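A.B. asks: Before I ask anything, here is the structure I am working with.
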Amino acid sequence: MDRQIVKIKAKPTLPSKKKVAAYCRVSVSKDATLHSFVAQVSYYQDYISSNPDWMFAGIYADEGISGTKANRPEFNRMIEDCKQGRIDMIVTKSISRFARNTMLLLETTRLLKKLNVDVYFEEQNMHSMSVDGELMLSLLAGFAEEEVVSMSNNVRWKVGKFFEEGKVWGLHDFFGYKVVNGRYEIKEEEAKVVRRIFDEYAKQGVGTQKIARRLNGDGIPSPMGSIWRESTVRWILRNPTYTGELVLGRYSCGINEHCKANIGKYSLYKVAEDHDAIVGKEEFLRAQELMEKRRPVRYGPNNNLSPFTKKLKCATCGKNYVRKNSKYRTFWACGTMSVLSKSACRQTLALREDTLYELTNQALGIKEFDEKAFKEKIDRIVVHESKDVDFVFMDGSIKTLHFEFKSRKDSWTPEMKEDARRRELERLYGKNDNQD
């Protein structure tokens, strides 16, 4: 039998189109209409779709976020999509739109180069994958970053001159006051709420969390027009503006950093009797004294937060559990329920901290709690109403454990038992009679 050879022709392969996405950012309101947020999105959509060799891979757009910040959500989502192979090339207006921080720019373009993703900067007519790309990027980004630093210093100087003259930079309405002819005037309806907060806290001894609950229960809108939170109440209690005094320079904002409290880094300027007071200075000082006395003790020898902070989540509303202290023990409860009651979240299940440590050790397979191992391995802990606790690991795996409340007999320490015995004796025989 003769061998027969049959040639099967290869199927012609069509050239694949390059997956192209665009990144755009609008950081200031003074940008021209052509470069506004909406205009950029529309422009890049047409620009990419008009090229027959390109396939539209999406628009990633951050609005109102500085190019110096590394925590741009759309920017980070774009990088993740590049890692997943969804993008071959990124088109952006300029280096300053992509990133004004030289280090961030070089780190990002180097990462994308490893992923074989090119970045094309229209204004500079330059590709990051070109031979001279990285050198030119570092030089041009350095100029852009210096420009930001110079602008920041100029603004800081101008703000400082305003403060020296006793003027507020960017004077605007805030809760309790409105701006009339460049000065604060009392808004009486809001001022009543401010006086109520100081009265309940400084005179009646009501806690900030309970005050927030009461305000929400009475249907009073917060300064942001939403619900009251404990932090909002504390902000009002700590604001000296309500005494008629202006304290200028309380917060400092710099390049590549969030605004934070100015603790001796820059000068403060106080303007006494600047406007009508809503609360008296004595009442304000009394509130400050109480807040210092009630300042919660932080976890650990170095006053660090508990390792469970922001790790513990409510399965019902998705918000964080918060740490609370009773007379005898520490426990964790849903933050939404704690502030807004069961009307906002039905999750009333509180988890004792000692039980939480036991469950964590069990999930990690260790006998003694190891904070480093916990932070490295556990992404979050989700608490269900059914007393099931999901330990979500960094690798995406989940381990579910069930717990039951400890009986009162098992949960009482010798100190707690002794204290209860002493109180019962005092009830029966009086405080001055040492009966045993």
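The values are calculated or read from the model by the stated rules, or taken from the named source; none is laboratory data. None of the values given here were measured: they were computed from a predicted structure. Here the Cβ is made from the backbone with ideal geometry for all residues, glycine too, and neighbour counts use every protein chain on show. To get the accessible areas, we keep the full protein, side chains included, count just its heavy atoms, and leave off ligands, DNA and RNA. Shrake-Rupley method; radii C 1.70, N 1.55, O 1.52, S 1.80 Å.
A.B. asks: How much accessible area does Ser42 have with a 1.4 Å probe, in Å² rounded to the nearest 10?
C.D. replies: 60 Å²
A.B. asks: Counting only the backbone N, which residues of the stretch 351-373 are under 20 Å from the spot 7 Å out from the Cα of Asp395 toward its beta-carbon?
C.D. replies: Inside the label zone: 360-367, 370-373.
A.B. asks: For the stretch 308-323, in order, what is each residue's ³J(HN,Hα) by Karplus, 6.51 cos²θ - 1.76 cosθ + 1.60 with θ = phi - 60°, in whole Hz (x at glycine and Pro)?
C.D. replies: 8, 4, 6, 9, 8, 10, 8, 5, 7, 10, x, 8, 6, 7, 10, 8
A.B. asks: Between Glu358 and Arg421, take the C-beta separation as r, use R0 = 30 Å, and let me know the FRET efficiency to the nearest 0.05.
C.D. replies: Result of the calculation: an efficiency of 0.65.
A.B. asks: Now for a separate question. Which order do the peptides 219-226, 112-119 come out in when sorted by mean C-beta neighbours inside 10 angstrom, highest first?
C.D. replies: Put in order of decreasing packing, that is 112-119, 219-226.
A.B. asks: Next question. Beyond 22 Å between alpha-carbons counts as too far, so tell me which of Lys310/Lys375; Lys114/Lys375; Lys83/Lys372; Lys114/Lys310; Lys203/Lys310; Lys203/Lys293 fall in that bin.
C.D. replies: Where the Cα-Cα span goes over 22 Å, the pairs concerned are Lys114/Lys375; Lys83/Lys372; Lys114/Lys310; Lys203/Lys310.
A.B. asks: Obtain the nm distance between the two label points defined at Val179 and Glu404 by a simple spin-label model: each point lies 7 Å from its Cα along the Cα-to-C-beta direction.
C.D. replies: Taking the two extended label points, one gets 6.3 nm.
A.B. asks: Work out the length of the dipole vector of the stretch 192-252 about its Cα centre, built from +1 on the beta-carbon of each Lys and Arg and -1 on the beta-carbon of each Asp and Glu, and round it to the nearest 20 debye.
C.D. replies: It works out to roughly 100 debye.
A.B. asks: Next question. For each pair in Lys192/Lys311; Lys17/Lys399; Lys18/Lys399; Lys319/Lys399; Lys19/Lys399, compute the distance between the two Cα atoms and list the pairs where it is over 32 Å.
C.D. replies: Check vs 32 Å cut-off fails for Lys192/Lys311; Lys17/Lys399; Lys18/Lys399; Lys19/Lys399.
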